[in-house]
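Report on the following structure.
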Amino acid sequence: MTRYYTRVCNFYYGNKSKTLVKEKKTKPLNGNDRISFDNVEIITRNSKRVIPLKNINLLSPNLKKKIKKDIKIVSKKCIFKNLTFNSIPNIMGVLNVTPDSFSDGGKYFKNNLAKKHLNYLFRCGANLVDIGGESTRPGSKSINSDVEWNRIKKVLKNIDNKKFISLDTRKSEVMEKGIKYGIKLINDVSGLNYDRSSIAILKRYRIPFVLQHSLGNPDVMQNNPKYKNVLLDIYDFFEKKISYLRKQGIQHNNIILDPGIGFGKNLKHNITLIKDISIFHSLGFPILLGISRKKYIKELSGANDSPYRIGGTVSAALYSMMQGVQILRVHDVNEINQSIKVFKELIKI
């Protein structure tokens, strides 16, 4: 039996979008009438075709029912604890308190520098900050949970509880300690596959979390990653994992989906995911993208690569925003917010 996937496309923005939604010529994306769409791409493992919304009734009965169901999900407002998606995207700042993270390892390793940078990220307009005490760069090895927690604890101590702090960890022990320190979101890059006890912790505390896709552990994930179809394989992963989590007793909808750019993906995989990211809206959960400073920027820019890759990050951030991505995980919060503010003014989002 053929499996169909729905990717909404052909977006409109700002005042034009609001007018078209009011006239019922487009559908709002995630309940936000400032971004809307009037086409869908119907995808199978063997084919793709784009059709206008007005032609959906011409489809076969079963396919029409499937596409209409997906559009209803995509058009529904996303509600998430502690975050609002009325004005997208939310910006997740990155704070690594490690000696060896791929971009900023060692830079904020000392406690006083880490706390200063945390406050700086919020001043620059970060909606939340993701703190990590273990590097998960390609080729990295796991470290002892006590070592990881001791790095993180120094930053979390005496933090204003009103600040939205996310904890980047794969370990249930570190998760639980962080939750008791007041963190509001768990970001496990392993997709909850690294530590079997992680799901039990998430269930016990009913804590919101990011469900990320990663192909293997960091030490081997970049060793010739392969997919039958990277977009659909990861879509299926999310669908199956969410079903599994429901069976394990996690019933809340405070779940964010992250396809894991650079985590077991080559250049073609990464570009395909960013380019067609709007397919994941039909799963009904907010989307997070970690697009900051990563290798795909170097691979695309060649001789124009730079140490912090801000230009490439801005390009990916604006493109992702135009696809309705709700959360962008970035190092350079001020520069990304600057680009978004100028861009929104130019197109009047």
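Throughout, read-outs are computed from the coordinates displayed, never taken from laboratory work. Note that the structure is a prediction, hence the values are computed from the model and not measured. Here Cβ is always computed from backbone atoms with ideal geometry, including for glycine, and neighbour counts include all displayed protein chains.
At a 10 Å Cβ-Cβ cut-off, how would you order Glu41, Glu345, fewest neighbours first?
Details: Glu41 17, Glu345 10.
Arranged by neighbour count, lowest to highest, Glu41, Glu345 become Glu345, Glu41.
Computed from the alpha carbon atoms alone, the convex hull of segment 90-347 holds 123 Å³ per residue. Per-residue extension of 0.36 nm, minus the Cα-Cα distance of Ile347 and Lys268, leaves a gain of 25.5 nm for this segment. Is there a pair in Lys64/Lys226; Lys153/Lys203; Lys115/Lys295; Lys24/Lys77 whose C-alpha atoms are over 25 Å apart, and which pairs would that be? Pairs exceeding the cut-off: Lys64/Lys226; Lys115/Lys295.
List the relative contact order of segment 5-75 as a percent without decimals, with contacts defined as Cα pairs under 8 Å and 6+ residues apart.
On the way: 105 pairs, mean separation 21.8, N = 71.
Relative CO of segment 5-75 lands at 31 percent.
Here is the list for segment 155-193: trypsin sites (Lys or Arg not before Pro) lying in DSSP coil, each with at most 14 other C-beta atoms within 10 angstrom of its C-beta, are Lys157, Lys162.
Using C-alpha pairs under 8 Å with a sequence gap of at least 6, the mean separation divided by the residue count of the chain gives a relative contact order of 18 percent.
For the pair Ser197 and Ser301, a Förster radius of 41 Å applied to the C-beta separation gives a FRET efficiency near 0.50, rounded to the nearest 0.05. Per-residue Karplus couplings for segment 66-78, computed as 6.51 cos²θ - 1.76 cosθ + 1.60 with θ equal to phi - 60°, are listed in order as 5, 5, 5, 4, 5, 5, 4, 5, 5, 7, 6, 5, 7 Hz, Gly and Pro entered as x. For the listed peptides 82-88, 213-219, a ranking on the average number of other beta carbons within 10 Å per residue, highest first, reads 213-219, 82-88. Among Ser315, Ser172, a tally of other beta-carbon atoms within 10 Å of each Cβ gives an order, fewest to most, of Ser315, Ser172. Of the residues Thr313, Thr44, the one with the fewest other Cβ atoms within 10 Å heads the list, and the complete ranking is Thr44, Thr313.
Separation of segment 215-259 and segment 323-349, taken as the distance between their Cα centroids, equals 26 angstrom.
Near Arg329, the amide H atoms lying under 5 Å from its own belong to Met92, Leu289, Gly290, Ile291; only residues 5 or more places off or on other chains count, and H is placed 1.01 Å from N.
For the pair Lys240 and Tyr319, label points projected 7 Å from Cα toward Cβ lie 2.8 nm apart.
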